[in-house]
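These notes concern the structure reproduced below.
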């Protein structure tokens, strides 16, 4: 079956940003004058930002609301997106390939909308996407199928016609369980999951490889 629609994760897939995301909870807790575990992000990987806020408030007994914690972490990552975020190698070429073939594309991300829009604008790829789906707005993390189902309904595609690009193992599992075509993207933040990610994905972009290398293997 030919590909008729594409769903892209953003952080760690198109944007070289996961390393910075790993520091956000630590930086936020530290900004409140509280000692924090530098590796706390490992416990938050599958969570939405609201869920992560709830976790760090409980974990460190912070005297802030969930909304205040979300705003504080958003401000840290938004500054990075605004000034420093870069595309992963070959991302622009891959997006242009889909555009040239009239394939609709959407973003499916765990990052809040206001932040991800800044990152897409800075890197010049915002116009490629017809819609942005966020876990917060959908109300479920990408461990659940809701985001992917909504995106397919919007693009009027079936699972076997839809390809998903992800660096997160938990998200790729969800897409694969739905019967979607899957592409695993190496990201150094997820080193421990790379073996399983590579085995699960239909296609895989390894460390040091360009996303553009995928083009020859795609049937559109």
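The values are calculated or read from the model by the stated rules, or taken from the named source; none is laboratory data. Quantities reported herein were computed from a predicted structural model and do not represent experimental measurements. All Cβ positions, even for glycine, are placed from backbone atoms using ideal geometry, and neighbour counts span all protein chains on display.
If you check residue 157 against the conditions, is it part of a loop (DSSP other than H, G, I, E, B), within 26 Å of residue 182 (Cβ to Cβ) and at pLDDT 95 or above? Outline the logic, then answer.
Numbers: part of a loop (DSSP other than H, G, I, E, B): yes; within 26 Å of residue 182 (Cβ to Cβ): yes; at pLDDT 95 or above: yes.
Yes.
Could you list, in sequence order, all residues of segment 131-140 that are more than 21 Å from residue 41 (Cβ to Cβ) and in a helix (DSSP H, G or I)? Lay out the reasoning, then the answer.
Taking segment 131-140 as the starting set, the residues that turn out to be more than 21 Å from residue 41 (Cβ to Cβ) are 131-133, 137-139.
Correct list: 137, 138.
Quick check: anything in segment 51-72 touching a residue at least 40 places away in the same chain (Cβ under 8 Å), outside the structural domain of residue 190 (by the TED database), surrounded by 16 or more Cβ atoms within 10 Å (Cβ to Cβ) and under 14 Å from the mean Cα position of the chain (by Cα)?
No.
Based on what the data block shows, is residue 184 surrounded by fewer than 17 Cβ atoms within 10 Å (Cβ to Cβ), touching a strand residue (DSSP E or B) at 6+ places or on another chain (Cβ under 9 Å), under 29 Å from residue 79 (Cα atoms) and modelled with pLDDT of 95 or more?
no
Among (1) in a helix (DSSP H, G or I); (2) touching a residue at least 40 places away in the same chain (Cβ under 8 Å); (3) buried (at least 18 other Cβ atoms within 10 Å of the Cβ), which single condition is residue 147 missing?
With (1) in a helix (DSSP H, G or I); (2) touching a residue at least 40 places away in the same chain (Cβ under 8 Å); (3) buried (at least 18 other Cβ atoms within 10 Å of the Cβ) applied to residue 147, the lone miss is (2).
If we scan segment 191-208, do we find a residue that is surrounded by 15 or more Cβ atoms within 10 Å (Cβ to Cβ), under 25 Å from residue 53 (Cα atoms) and outside the structural domain of residue 78 (by the TED database)?
Yes, segment 191-208 has at least one match.
Looking only at segment 5-43, which residues are surrounded by fewer than 19 Cβ atoms within 10 Å (Cβ to Cβ) and more than 21 Å from the chain's Cα centre (by Cα)?
Once the filter is applied, which keeps residues that are surrounded by fewer than 19 Cβ atoms within 10 Å (Cβ to Cβ) and more than 21 Å from the chain's Cα centre (by Cα), segment 5-43 yields 30, 31, 32, 33, 34, 35, 36, 37, 38.
For segment 103-130, how many residues are within 22 Å of residue 93 (Cβ to Cβ) and either more than 13 Å from the chain's Cα centre (by Cα) or in a loop (DSSP other than H, G, I, E, B) (or both)?
Residues that pass the stated criteria total 13.
Going by the structure shown, is residue 199 modelled with pLDDT under 95, farther than 24 Å from residue 84 by Cα and assigned to a helix (DSSP H, G or I)?
No.
Within segment 12-47, work out how many residues are within 26 Å of residue 185 (Cα to Cα) and out of contact with any strand residue (DSSP E or B) (no Cβ under 8 Å at 6 or more places or on another chain). Working first, answer last.
Within segment 12-47, the subset within 26 Å of residue 185 (Cα to Cα) is 12-26, 38-47.
Narrowing further to those that are out of contact with any strand residue (DSSP E or B) (no Cβ under 8 Å at 6 or more places or on another chain): 19-20, 22-26, 38-47.
Selection size over segment 12-47: 17.
Could you list all residues from segment 118-140 that are surrounded by 17 or more Cβ atoms within 10 Å (Cβ to Cβ) and farther than 20 Å from residue 185 by Cα?
118, 122, 136, 138
Which of the residues that make up segment 75-96 are part of a helix (DSSP H, G or I) and surrounded by fewer than 17 Cβ atoms within 10 Å (Cβ to Cβ)?
75, 79, 82, 83, 93, 96
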